[in-house]
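One structure is given below, encoded as structure tokens.
The values are calculated or read from the model by the stated rules, or taken from the named source; none is laboratory data. As the structure is a computational prediction, the values presented were derived from the model and not from experiment. Cβ sites come from the backbone with ideal geometry, for glycine too, and all protein chains shown count toward neighbours.
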Amino acid sequence: MKDSRKEKLAYLFNPRSVAILGASSDLNKVSGRPLAYMLRFQYPGNIYPINPKYPQIAGVKCYPSIQEVPGEIDVLMMIIPAEEILSNLESGFQKGVKAAVIISGGFAETGEEGRRLQQKVTDFARRTGLLVYGPNTTGFVSLATRNVATFSQALEVVEELVPGQTGLITQSGAFGASIFVRAMRAGLGLSHWAATGNEADLEFCDFLDYMVDDPQTRVIAGFLAGVEDGQKLMAALDHAARRRKPVVLLKVGSTDASQRAAVSHTGAMMGSARAYDAVFRQKGVIVAQDIQELIDFSMALGKTPSPKGKRIGILTESGGGGVLLTERCSEMGLEVAEIFGSTQEKLKTVVPSLGSVKNPVDLTGQSLSNPALVKEALEVMLASDDFDIIVPLFLMSKATAEKKAKDLWQAFQEQKGSKTLVVCWPEGPRQWIQYLMEKGIFVAVTPTRCAQALSAVVRYADFHRSCQEGKDLEEESLNLAADRKIKALAVIEEAKRQGRNTLNEYEAKKILQAYGIPTTEEMLARSPEEALAGARRIGYPVAAKLMSPDIPHKTEAGVVALDIPSEERLREKYQEVLNRGKKFHPGARIDGVLIQEMVGEQGIETIVGLSQEPPFGPALLFGLGGIFVEVLKDVSIRVLPVTRMDARKMISEIRGFKVLQGIRGRKPADRETIVQVLLKTACLAAELKEAVAEIDINPLIVMEESKGAKAVDALISLAPSPAIYHY
């Protein structure tokens, strides 16, 4: 029975034997270091150097070829010229090798010829099932098994391999080495470090998915440039969320270097960086901005029990330090809780008269001469219902450090886990910081880093709480018509037959209507008489809009007339928008003039949009709409599929959410209708993902609570290929 891909990955990280093809007798060379490291760190498995030049290297028997190795080979390291890789992969496969680690460069990173060679490596791996790691990788380290299959000089500066519970994956060998060394020096114990290289076969997502199931790994940290398969990344992150394993990522490429051309407002506001950010929000990824945050967040999430809320109680020996920590916590969205009467009364029996029993609780410098105050105050706060998280902020006094650390640990044990505890100890003695860390209590060395790490812990806990509350999108709950897709594709096919990739507003709204999205009452007029008849049916005042697939943004072209009060004015405006359209775009196709009801002034203009976002696929957008949408960019984004909870979060995340809640005497907007529109747009996008490239509903005018909303304008851009649409 053949081993599964994940079982072979287990062999990679926990091999019984490692062969080093191209091993050098010079242990300072790239090809010599892997053997040197394995000997130095006492890898317990069998080591097989392979090089016909030597009978032995560093006292280890050397073999002339792969086939002449006497035992089984789980991992084959390859440090040979690129042109020799394929033939030796075949030899390794015949030998029964489980995984090959190609250290060698000379592949896709070098140009077209290298890309062709790398594709052959990929094809070989797919055909045979042999796992290929790399090429152009520094290799990996598995600390628990002391398997150091790497040439990275990071191992030169690390004195010992202290295993821990954080798995590290980096899409960079050299920068990954910096992270590895910083993590080890900071006391962040690692289970594995994998530098992914060119990812011809094994990819970042494969390592992530493996570490989710790895019992040695509790937290996964990563340095990520990007992935080709967005769905694979989302699946791995879903797996991590289900297993409640935090993922902390330092993502590069967070800004779009160039402005892409986009027909819709939605497309102009999307982009790869925003799509990644949306996925990270949806999947509970904690995003770090630098190496220090990556280490701090990973350490805090690995040590800190999930808090029940975000109400923080601060116990400080320094008034200034307490104020700074309070400010930083507030900036990070944490709640420095109010202390109520019963807790205050108890604290008054402990806190010196010059101190404070308000939050932050200030023991003043008297705790230096009477360190027992710390434990007494901490016990009161741990027993109080006013807090979810307690943060003691200690001063640097060496004389009282041992007592404070041990008293804190004792008090924490006695409260039996009802509170989350994080310590801030600027310039604290390393010995006693380490003591608390080993007990499972995260210690930050500055107020800012403390607040940032606490925010990461709280956000991860909030994510899992929202997962419990959320419901997956269900078609039945949307009450969609059974023939919706047939109606939509009929409109699309007609446009395609005419050689068009853009639907005008009238056509776009037909598709929205098929999916139950409310639109304005309107009719398409091809003569002044038809316009007048339509206006009489709709009722004045009306709007008149030129319909042309060649003029997608009508306001900019001046082909929209609003608040037309009478037949006389409608005749004038009908001809006016026609003339302006011909002047703006002389060769434009004119489909007619849309006569449309005017929507009440009390509504709020919003935008709902959709765009195809590689590598993830369709992404949904919501924000405040209107003509300034691209300037304000007050939007939130989610990658499909979305849940009802996702839709609600999209609404509450925008800066202008207070406008929707109701301000200055305005009643709250009908947010439930917005949720319905978002979910129906997501359903539309999922069912028509091969046909529709972009959607703009701008504005979607939202009325007050229970009064609904209407799509006043809409634009749909189609995918280029007509051959993929099926009824």
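Looking across Ser17, Ser65, Ser24, one residue alone is within 23 Å of Arg127 (Cβ to Cβ) and either touching a residue at least 60 places away in the same chain (Cβ under 8 Å) or more than 36 Å from the chain's Cα centre (by Cα) (or both). It is Ser65. For the range 44-75, what are the residues that are closer than 19 Å to Lys8 by Cβ and aromatic (Phe, Trp, Tyr)? Scanning the range 44-75 gives a single hit, Tyr48. Selection of the range 303-324 for residues being in contact with a Gly (Cβ under 8 Å, 6 or more places away or on another chain), farther than 24 Å from Ser397 by Cα and either modelled with pLDDT of 95 or more or not in a loop (DSSP other than H, G, I, E, B) (or both) yields only Lys303. Applying a threshold of 8 Å to beta carbon distances and a minimum spacing of six or more residues, or different chains, the list of pairs starting in the range 94-121 at a residue that is at positive phi and ending at one that is at pLDDT 95 or above and not aliphatic (A, V, I, L, M) reads Gly96/Glu72; Gly106/Pro81; Gly106/Glu83; Gly106/Gly114; Gly106/Pro135; Gly106/Asn136.
If you check Ala186, Ala236, which single one turns out to be under 30 Å from Ser104 (Cβ atoms) and either at pLDDT 95 or above or surrounded by fewer than 20 Cβ atoms within 10 Å (Cβ to Cβ) (or both)? Show your work before the answer.
On the way: Ala186 fails: under 30 Å from Ser104 (Cβ atoms).
Answer to the selection: Ala236.
Just to be sure, is Leu679 part of a helix (DSSP H, G or I), in contact (Cβ under 8 Å) with a residue 40 or more places away in the chain and in the same structural domain as Pro618 (by TED's automatic domain parsing)? Yes. Among the residues making up the range 234-253, a single one is in a loop (DSSP other than H, G, I, E, B), in contact (Cβ under 8 Å) with a residue 40 or more places away in the chain and in contact with a Leu (Cβ under 9 Å, 6 or more places away or on another chain): Pro246.
State yes or no: is Ala411 closer than 14 Å to Leu454 by Cβ, touching an Asp or Glu at 6+ places or on another chain (Cβ under 6 Å) and not β-branched (Val, Ile, Thr)? Full working, then the answer.
Values: closer than 14 Å to Leu454 by Cβ: no; touching an Asp or Glu at 6+ places or on another chain (Cβ under 6 Å): yes; not β-branched (Val, Ile, Thr): yes.
In short, no.
Quick one: how many residues across the range 159-170 are out of contact with any strand residue (DSSP E or B) (no Cβ under 7 Å at 6 or more places or on another chain) and either surrounded by 21 or more Cβ atoms within 10 Å (Cβ to Cβ) or at pLDDT 95 or above (or both)? Count: 1. Is it fair to say Ile339 is surrounded by 16 or more Cβ atoms within 10 Å (Cβ to Cβ) and assigned to a strand (DSSP E or B)? Judged against the criteria, Ile339 is not a match.
To keep it simple, each residue is scored yes or no on (1) at pLDDT 95 or above; (2) polar (S, T, N, Q); (3) touching a Phe, Trp or Tyr at 6+ places or on another chain (Cβ under 7 Å).
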{"position": "Lys29", "(1), (2), (3)": "yes, no, no"}
{"position": "Pro55", "(1), (2), (3)": "yes, no, no"}
{"position": "Ala58", "(1), (2), (3)": "yes, no, no"}
{"position": "Gln67", "(1), (2), (3)": "yes, yes, no"}
{"position": "Ile79", "(1), (2), (3)": "yes, no, no"}
{"position": "Ile85", "(1), (2), (3)": "yes, no, no"}
{"position": "Glu90", "(1), (2), (3)": "yes, no, no"}
{"position": "Gln94", "(1), (2), (3)": "yes, yes, no"}
{"position": "Gly114", "(1), (2), (3)": "yes, no, yes"}
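When residues in the range 184-233 are screened for being of a type in the set (Lys, Arg) and either part of a helix (DSSP H, G or I) or over 14 Å from Ser298 (Cβ atoms) (or both), 2 of them pass. Being in a loop (DSSP other than H, G, I, E, B) and of a type in the set (S, T, N, Q), is that true of even one residue in the range 463-472? No, there is no match, as no residue in the range 463-472 is in a loop (DSSP other than H, G, I, E, B) and of a type in the set (S, T, N, Q). Taking the criterion of being within 34 Å of the chain's Cα centre (by Cα) and hydroxyl-bearing (Ser, Thr, Tyr), the residues of the range 496-529 that qualify are Thr502, Tyr515, Thr519.
Output yes when any residue across the range 149-158 is out of contact with any Lys or Arg (no Cβ under 6 Å at 6 or more places or on another chain), within 30 Å of Arg638 (Cα to Cα) and aliphatic (A, V, I, L, M), and no when none is. Steps first, answer last, please.
Taking the range 149-158 first, the residues out of contact with any Lys or Arg (no Cβ under 6 Å at 6 or more places or on another chain) are 149-150, 152-158.
Pick out the ones that are also within 30 Å of Arg638 (Cα to Cα) and you get none.
Checking the range 149-158: not a single residue is out of contact with any Lys or Arg (no Cβ under 6 Å at 6 or more places or on another chain), within 30 Å of Arg638 (Cα to Cα) and aliphatic (A, V, I, L, M).
Candidates are the residues of the range 39-79 that are of a type in the set (A, V, I, L, M) and farther than 27 Å from Glu7 by Cβ; the one that is surrounded by the most Cβ atoms within 10 Å (Cβ to Cβ) is Ile57.
Looking across Val212, Val141, one residue alone is crowded, with 18+ Cβ neighbours inside 10 Å and under 18 Å from the mean Cα position of the chain (by Cα). It is Val212. With respect to the stated conditions, Lys404 fails to be among the basic types (Lys, Arg) and surrounded by fewer than 22 Cβ atoms within 10 Å (Cβ to Cβ). Only residues that are of a type in the set (Gly, Ala, Ser), buried (at least 21 other Cβ atoms within 10 Å of the Cβ) and within 24 Å of Ala490 (Cα to Cα) were counted across the range 515-554, and they come to 2. Just so you know, in the range 217-237 the residues that are of a type in the set (Val, Ile, Thr) and in contact with a strand residue (DSSP E or B) (Cβ under 9 Å, 6 or more places away or on another chain) include one that is nearest to Pro615 (Cα to Cα), and it is Ile220.
Taking the range 312-333 as the range and being surrounded by fewer than 22 Cβ atoms within 10 Å (Cβ to Cβ) and either closer than 15 Å to Cys450 by Cα or free of Cβ contacts under 8 Å to residues at least 60 places away in the same chain (or both) as the test, the residues that pass are Gly319, Gly320, Gly321, Val323, Leu324, Thr326, Glu327, Arg328, Ser330, Glu331, Met332, Gly333. Of all residue pairs spaced 6 or more apart or on separate chains, those with beta-carbon atoms under 8 Å, a first member in the range 47-59 that is assigned by TED's automatic domain parsing to the domain that holds Val97 and a second member that is at pLDDT below 95 and outside any strand (DSSP E or B) are Tyr48/Gly71.
The residues of the range 409-447 that are assigned to a helix (DSSP H, G or I), under 23 Å from Thr326 (Cβ atoms) and over 28 Å from the mean Cα position of the chain (by Cα), listed by number, are Ala411, Phe412, Ile433, Leu436. Across the range 27-38, the number of residues qualifying as surrounded by fewer than 22 Cβ atoms within 10 Å (Cβ to Cβ) and not hydrophobic (A, V, I, L, M, F, W, C) comes to 3.
When each of Lys348, Lys358 is tested for being surrounded by fewer than 20 Cβ atoms within 10 Å (Cβ to Cβ), touching a residue at least 12 places away in the same chain (Cβ under 8 Å) and closer than 17 Å to Val374 by Cα, the lone residue that passes is Lys358. In the range 74-93, the residues that are farther than 30 Å from Pro44 by Cβ form Cβ pairs under 7 Å with partners that are among the hydroxyl-bearing types (Ser, Thr, Tyr), at six or more places apart or across chains, as follows: Pro81/Ser104; Ala82/Ser104. Scanning the range 575-610 for residues that are closer than 30 Å to Leu660 by Cα, in contact with a Phe, Trp or Tyr (Cβ under 9 Å, 6 or more places away or on another chain) and surrounded by fewer than 23 Cβ atoms within 10 Å (Cβ to Cβ) yields one hit, Met598.
Condition check ((1) loosely packed, with under 15 Cβ neighbours inside 10 Å; (2) part of a loop (DSSP other than H, G, I, E, B); (3) out of contact with any strand residue (DSSP E or B) (no Cβ under 6 Å at 6 or more places or on another chain)) across all residues:
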residue	(1), (2), (3)
Leu354	yes, yes, yes
Leu373	no, no, yes
Pro392	no, no, no
Ala399	yes, yes, yes
